[in-house]
Amino acid sequence: ETGVTQTPRHLVMGMTNKKSLKCEQHLGHNAMYWYKQSAKKPLELMFVYNFKEQTENNSVPSRFSPECPNSSHLFLHLHTLQPEDSALYLCASSQGQNSPLHFGNGTRLTVT
Amino acid sequence: GESVGLHLPTLSVQEGDNSIINCAYSNSASDYFIWYKQESGKGPQFIIDIRSNMDKRQGQRVTVLLNKTVKHLSLQIAATQPGDSAVYFCAESLNDYKLSFGAGTTVTVRA
């Protein structure tokens, strides 16, 4: 149990589908993150939320739409994805700046 | 076993030996550094961190060394065990929420 729970663990979707990834943290942290992990590439930061406010959008295409209704929950809404979007999507949380991120086990997304 | 130079993607180490994983970071102004371990099918797991006002920090069987002069970070694992087989990532940040990750080193422990 990592304290950060992601669902689903695996997702296969077509390019015309709409789906959502869910993340919940049970650590009382105030910041939440989405990272993308592709094979043979470093983890890429996508979005940062601090106290429910988005503080970072790392030039992510609009087909990825984050939502943070409260400090414990984070969603990533997906629509009209491309096959190159297939990757492991990791959610993380932290207590503040310059503190360790705690990661969930990710959602393995395959776009067909 | 030791990965030398800027970065080696793989490291093979004999069980019981000490491991050294190296990382070169990019931003001389970075003030926070962290090591993660990622096992197959899991998310990255925090190992140890260090701030720029320190050059060494020790944990349980692990030591992180920071050399700001050459922008180099290393992770030493004492008495490497089979459970240490994983991908290890270093990361840096500059007093903000954004952690920038390195490419990762795959450590394989030989019995």
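The values are calculated or read from the model by the stated rules, or taken from the named source; none is laboratory data. In this text the structure is predicted, and so the values were computed from the model without any measurement. Positions of Cβ are backbone-derived with ideal geometry, glycine not excepted, and every protein chain shown enters the neighbour counts. Areas reflect the complete protein model, heavy atoms only, side chains present, ligands, DNA and RNA absent. Shrake-Rupley method; radii C 1.70, N 1.55, O 1.52, S 1.80 Å.
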### Task
Please go through the residue pairs A:41/B:68; A:18/B:37; B:37/B:98; B:42/B:98; B:37/B:68; A:52/B:42 and name each one whose alpha carbons sit more than 29 Å apart in this structure.
A:18/B:37
### Query
If you check each cysteine of chain A for another cysteine whose beta-carbon is under 4.7 Å away, which ones come up empty?
A:68
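Expected output is a single nm value to one decimal: the length gained when fully extending between residue B:28 and residue B:14, i.e. 0.36 nm times separation in residues minus the C-alpha distance. What is it? Write out the running numbers ahead of the final one.
Values: separation 14, 0.36 × 14 = 5.04 nm, distance 3.41 nm.
Here the segment from residue B:28 to residue B:14 would lengthen by 1.6 nm.
Could you list the chymotrypsin sites (Phe, Trp or Tyr not before Pro) in region A:45-112 that lie in coil according to DSSP, counting only those with at most 15 other Cβ atoms within 10 Å of their Cβ? Before the final figure, lay out each step's value.
On the way: sites: A:47, A:49, A:51, A:64, A:75, A:89, A:103; in loops: A:51.
Counting only loop positions with at most 15 other Cβ atoms within 10 Å, the chymotrypsin sites (Phe, Trp or Tyr not before Pro) in region A:45-112 are A:51.
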### Summary
Candidate cut points under trypsin sites (Lys or Arg not before Pro) in region A:10-103, DSSP loop plus at most 10 other Cβ atoms within 10 Å of their own Cβ, are A:40
### Query
What base-10 log of the normalised intensity I(q)/I(0) is obtained for the protein assembly as shown from the Debye formula, alpha carbons as equal point scatterers, at q = 0.09, 0.11, 0.16 Å⁻¹?
-0.37, -0.55, -1.10
### Separation of alpha-carbon centers, region A:1-55 and region B:65-92, rounded to whole Å
26 Å
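Return the average number of partner chain Cβ atoms within 10 angstrom of each residue Cβ along peptide A:36-46.
Details: counts 0, 6, 0, 0, 3, 3, 7, 11, 2, 5, 0.
Average neighbour count from other chains, rounded to a whole number: 3.
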### Most fluctuating residue given options A:83, A:66, A:42, as computed from a GNM of chain A linking Cα atoms under 10 Å
A:42
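Compute and list, largest first, the equivalent-ellipsoid semi-axes of chain A from the alpha carbon gyration tensor, each √(5λ) rounded to a whole angstrom.
On the way: eigenvalues 98, 38, 35 Å².
Ellipsoid half-lengths, sorted descending, are 22, 14, 13 Å.
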### chain B: most fluctuating residue of B:11, B:66, B:94 per GNM, C-alpha cutoff 10 Å
B:94
#### Entry: Partners for residue A:19 among lysines (Cα-Cα distance below 17 Å; same-chain residues under 8 apart left out)
A:36
### Task
Just tell me which aspartates and glutamates come within less than 15 Å, Cα to Cα, of residue B:56; anything on the same chain fewer than 8 places away is out.
B:31
#### Entry: Apportionment of accessible area to carbon and sulfur, region B:4-111, percent (1.4 Å)
49 percent
### Query
How large is ³J(HN,Hα), in whole Hz, for each residue of region A:14-25 in order, when computed from phi with the Karplus curve 6.51 cos²θ - 1.76 cosθ + 1.60 and θ = phi - 60°, using x for Gly and Pro?
x, 5, 9, 6, 10, 9, 9, 9, 10, 9, 9, 10
### Interface residues, region B:92-108 - accessible area loss of 20 Å² or more versus chain alone, probe 1.4 Å
B:95, B:96, B:97, B:98, B:99, B:101, B:103
### Task
Mind grabbing the interface size between B and A? I mean buried accessible area, both sides, 1.4 Å probe, in Å² to the nearest hundred.
1800 Å²
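If a/c stays under 1.5 just call it rounded; otherwise compare a/b with b/c (prolate if a/b is bigger, oblate if not). Do that for chain B, with a ≥ b ≥ c from the square roots of the Cα gyration tensor eigenvalues. The partial results should precede the final answer.
Values: a/c = 1.80, a/b = 1.58, b/c = 1.14.
It comes out prolate by the Cα gyration axes.
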